[in-house]
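Engineer: Please read through the structure below; I'll follow up with questions.
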């Protein structure tokens, strides 16, 4: 049976207060712009230590493709994304940002998939 591991970390809010952070609480024009720059501008960089916000994963990729192709407008994209159950993520972009997390444990998880 295949085995995997999930690492558990703790965020230190006090350390995070001293980081340059970009926070997106929900899909906005600024969030779409940030996501599009990351997806389309080769070599795109920014100076944030930590970025927090919705994940632009495969489940919303089709909507971004329609937007990028000019088939839907920015307001339509944002409205469509509000119908998805989006999950949030922290992105640690600098070595300094890693000071905000502390390793707690690694948990073993067994696959329930059969061959």
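The values are calculated or read from the model by the stated rules, or taken from the named source; none is laboratory data. Since the structure is predicted, the reported quantities are computational estimates derived from the model, not experimental observations. Don't worry about glycine lacking a Cβ; one is built from the backbone with ideal geometry, like all the others, and counts go over all protein chains shown.
Engineer: Please verify whether residue 87 is in contact with a strand residue (DSSP E or B) (Cβ under 9 Å, 6 or more places away or on another chain), surrounded by fewer than 10 Cβ atoms within 10 Å (Cβ to Cβ) and modelled with pLDDT under 95, treating the condition exactly as stated.
Structural biologist: So residue 87 fits the description; yes.
Engineer: Looking at this structure, is residue 81 farther than 30 Å from residue 111 by Cα, surrounded by 11 or more Cβ atoms within 10 Å (Cβ to Cβ) and in contact with a helix residue (DSSP H, G or I) (Cβ under 7 Å, 6 or more places away or on another chain)?
Structural biologist: So residue 81 fits the description; yes.
Engineer: Scan segment 39-78 for residues that are more than 28 Å from residue 11 (Cα to Cα) and out of contact with any helix residue (DSSP H, G or I) (no Cβ under 9 Å at 6 or more places or on another chain) and jot them down.
Structural biologist: Within segment 39-78, 41, 42, 43, 61, 62, 65, 69, 70 qualify.
Engineer: Checking the condition more than 30 Å from residue 3 (Cα to Cα) and not in a helix (DSSP H, G or I), which residue from 53, 70 passes?
Structural biologist: Result of the check over 53, 70: 70.
Engineer: In segment 42-77, which residues are surrounded by fewer than 15 Cβ atoms within 10 Å (Cβ to Cβ), within 14 Å of the chain's Cα centre (by Cα) and within 20 Å of residue 97 (Cα to Cα)?
Structural biologist: Result: 55, single match.
Engineer: If you scan segment 16-38, which residues turn out to be touching a helix residue (DSSP H, G or I) at 6+ places or on another chain (Cβ under 8 Å), part of a helix (DSSP H, G or I) and free of Cβ contacts under 8 Å to residues at least 60 places away in the same chain?
Structural biologist: The answer is 29, 32, 35, 36.
Engineer: Suppose the filter is closer than 30 Å to residue 102 by Cβ and at pLDDT below 90; does residue 8 pass it?
Structural biologist: For residue 8, the condition - closer than 30 Å to residue 102 by Cβ and at pLDDT below 90 - is not met.
Engineer: If residue 99 passes every condition in (1) more than 21 Å from residue 14 (Cα to Cα); (2) out of contact with any strand residue (DSSP E or B) (no Cβ under 6 Å at 6 or more places or on another chain); (3) surrounded by 13 or more Cβ atoms within 10 Å (Cβ to Cβ) but one, which one does it miss?
Structural biologist: (1)
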